[in-house]
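Data first, discussion second: the structure below is written as structure tokens.
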Amino acid sequence: MEAKLGLASAQELYRLSSQAVDLVRQRASTHNSVYGALPAGIVRNSWFDDSYRVKAGIDYMNQRFNTALEYWPRERVRETYLSPRYHDAVFNPNGYQIHSLNYANDCAVAAEQLGAVMHEQSPVRRLAKSGERHRVITADGEVTADNVVFCCSGYIGWLNHRLSWATLPIGTYVLLTEPLGDKLATAIRAPYAASDDRRIDNYYRPLPDTRLLWGGGMSISRRPANLAERMLEDLFGVYPQLHGIRAESAWAGTMGYARHRMPQIGRMAPGIWYNQGHGGHGLNTTTLGGELVAKAIAEDDRGYQAFAPFGLDFAGGPAGLVAAQLVYWSWKLRDLWDARRGA
Ligand SMILES: Cc1cc2nc3c(=O)[nH]c(=O)nc-3n(C[C@H](O)[C@H](O)[C@H](O)COP(=O)(O)OP(=O)(O)OC[C@H]3O[C@@H](n4cnc5c(N)ncnc54)[C@H](O)[C@@H]3O)c2cc1C
């Protein structure tokens, strides 16, 4: 980012994304989307035996981007995350966990209280011009609007060809285990959300009732066969001592990626906006994009132009599944290669 845009612009983008982290936390805490008892903090365990690189990364972020990242030596990691895969770690005291479904529902209720009208189960089939306005057409009805914001991300299909071609839909998967009781502490002895530093990482957290929410994997497959079994195998690869536990459920979600791996936020034509491509980022940039586009529409604010350097590059679109799978395999190979050479 710094090489592409210069330090000041990179810092500004980082500041915006951090602001959105705070905004999500604030919104979550005014509703019931927080797990009240869970302390703040996210741990990123290092898969690679290279403490120099981990420390240098922390120094770089703290000095240039005003973060407060902390270094966890491997002794500390071995006491809290008992995996033979991990070395040292980065602790981010400003990370936090929310109940994402409650959060989405709470946001919907808050929006309705402010006058928004929700239409569910009504996929948009197409858009058409109506003078200066836009008709949003579904199977059973339509809405005429001054402004339309596309935020369909990895689920966009062929709704808008320009956005569709700029989107790489990539599946990622979540497993929910049965309650693990005392067995949880044989593997995980910290209440934080955790991940690792591979390109294709695992992201997980123990829930207060000792179930483990385990995420990971990326592929073009939206409904892989035997997903629960495969996710359990993935989990046992990190925590072999948990062999024998069972899955409660498993599911897949699709994220939209841009080829440049930055969010795509902007205006395509008068009254036509987009906010997509948040794969690899998360709720913070998604929220940031919403704020920027809303401010642009309501106040003619130009803040969204900070994302102009990251345009709608051709990414293969929904038809580019082969390209997406190749990207996924290449990331996986690079993770393996880096792990073998220890960096
Ligand atoms: C398994 C998984 C785990 C994740 N974990 C985290 C995490 O721990 N932390 C984090 O910050 N982020 C996480 N994310 C990422 C986060 O979910 C995304 O950043 C966020 O959901 C992106 O929001 P979005 O609105 O851009 O797209 P989406 O949430 O994908 O929403 C797109 C919406 O558009 C709708 N849509 C599509 N086409 C049409 C149409 N034609 N008409 C009407 N509606 C349409 C879809 O139904 C969908 O509801 C995770 C994602 C996945 C899949």
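The values are calculated or read from the model by the stated rules, or taken from the named source; none is laboratory data. The structure presented is a predicted model; accordingly, all values stated were derived computationally and were not measured. Note: ideal-geometry Cβ built from the backbone for every residue, glycine included; neighbour counts use all protein chains shown. Calculation scope for accessible area: heavy atoms of the full protein, side chains included, ligands and nucleic acids excluded. Shrake-Rupley method; radii C 1.70, N 1.55, O 1.52, S 1.80 Å.
A few notes on this one:
- Residue within region 219-232 that is within 11 Å of the ligand (Cβ to nearest atom), within 19 Å of Ile156 (Cβ to Cβ), at pLDDT below 95 and open to solvent by 20 Å² or more (accessible area, probe 1.4 Å) present: yes
- When region 66-81 is filtered for residues that are free of Cβ contacts under 8 Å to residues at least 60 places away in the same chain, in a helix (DSSP H, G or I) and open to solvent by less than 30 Å² (accessible area, probe 1.4 Å), only Val77 remains.
- Once region 276-289 is narrowed to residues that are assigned to a loop (DSSP other than H, G, I, E, B) and buried (at least 21 other Cβ atoms within 10 Å of the Cβ), the residue that is nearest to the ligand (Cβ to nearest atom) is His278.
- Residue pairs whose Cβ atoms lie under 7 Å apart, separated by 6 or more positions or on different chains, with the first residue in region 117-130 and assigned to a strand (DSSP E or B) and among the charged types (D, E, K, R) and the second open to solvent by 50 Å² or more (accessible area, probe 1.4 Å) and more than 9 Å from the ligand (Cβ to nearest atom), are Arg125/Ala139.
- Some residue of region 252-275 being assigned to a helix (DSSP H, G or I), away from the ligand (no atom under 15 Å from the Cβ) and touching a strand residue (DSSP E or B) at 6+ places or on another chain (Cβ under 8 Å): no
- Residue in region 251-266 that is in contact with an Asp or Glu (Cβ under 6 Å, 6 or more places away or on another chain) and modelled with pLDDT under 90 present: yes
- A single entry from Ala104, Ala20 fulfils the requirement of being surrounded by fewer than 16 Cβ atoms within 10 Å (Cβ to Cβ) and not basic (Lys, Arg): Ala104.
- Members of region 144-189 that are in a loop (DSSP other than H, G, I, E, B), away from the ligand (no atom under 11 Å from the Cβ) and open to solvent by 10 Å² or more (accessible area, probe 1.4 Å): Asp146, Asn147, Glu178, Pro179, Leu180, Arg189
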